[in-house]
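Some notes on the structure that comes next.
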Amino acid sequence: MSALGTELKINVHVEPIDGISMSEYDFECAFYVYTNKKVIINKSNMKMIDDDNYIAIIESMDAMKLGRGKINLEFTGYIPDSDFTDGFRTEKAIVCTDVVIV
């Protein structure tokens, strides 16, 4: 558990999708306790650990916006796929991070 206002580091890990690692496609993560108060962090603003792990940093002001409760993560990946008109397939997943703000 973390107190409201704590700065957070959350590891975002996604297994390869169709053999493509996170390092090979764009993605963004929306962190939230309540769906109307999301903190969105793009891949370019995360720290790469390896091909399938990135660290999202949530500064104290953004953590304050989240409010109290369990933090959820909505992952949106843009996977290269020539079968789609824009050349990308959107993959979404929602995960509970097990990080709790009290």
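Consider only pairs whose beta carbons are under 6 Å apart and that are at least six residues apart or on different chains; among these, list those whose first residue lies in segment 5-22 and is hydroxyl-bearing (Ser, Thr, Tyr) and whose second residue is assigned to a loop (DSSP other than H, G, I, E, B).
Ser21/Asp51; Ser21/Asp52
Run Ile57 past the list (1) part of a strand (DSSP E or B); (2) free of Cβ contacts under 8 Å to residues at least 40 places away in the same chain; (3) within 28 Å of Gly5 (Cβ to Cβ) and report the number of the one that doesn't hold.
With (1) part of a strand (DSSP E or B); (2) free of Cβ contacts under 8 Å to residues at least 40 places away in the same chain; (3) within 28 Å of Gly5 (Cβ to Cβ) applied to Ile57, the lone miss is (2).
Looking only at segment 7-37, which residues are closer than 20 Å to Val102 by Cβ, part of a loop (DSSP other than H, G, I, E, B) and in contact with a strand residue (DSSP E or B) (Cβ under 7 Å, 6 or more places away or on another chain)?
Listed by number, the residues that qualify are Glu7, Val33.
Check Asp81, Asp52, Asp86 and return the single one that is touching a Pro at 6+ places or on another chain (Cβ under 9 Å) and over 20 Å from Ser2 (Cβ atoms).
Asp52
When you scan segment 48-102, how many residues do you find that are of a type in the set (Ser, Thr, Tyr) and touching a strand residue (DSSP E or B) at 6+ places or on another chain (Cβ under 7 Å)?
Of the residues in segment 48-102, 5 are of a type in the set (Ser, Thr, Tyr) and touching a strand residue (DSSP E or B) at 6+ places or on another chain (Cβ under 7 Å).
Output the residue which, of all residues in segment 1-24 that are touching an Asp or Glu at 6+ places or on another chain (Cβ under 9 Å) and of a type outside the set (A, V, I, L, M), is surrounded by the fewest Cβ atoms within 10 Å (Cβ to Cβ).
So, considering only residues that are touching an Asp or Glu at 6+ places or on another chain (Cβ under 9 Å) and of a type outside the set (A, V, I, L, M), the one surrounded by the fewest Cβ atoms within 10 Å (Cβ to Cβ) is Glu15.
No lab work stands behind these numbers, since they all come straight from the coordinates. Note that the structure is predicted; figures quoted are calculated from it, not measured. Note: ideal-geometry Cβ built from the backbone for every residue, glycine included; neighbour counts use all protein chains shown.
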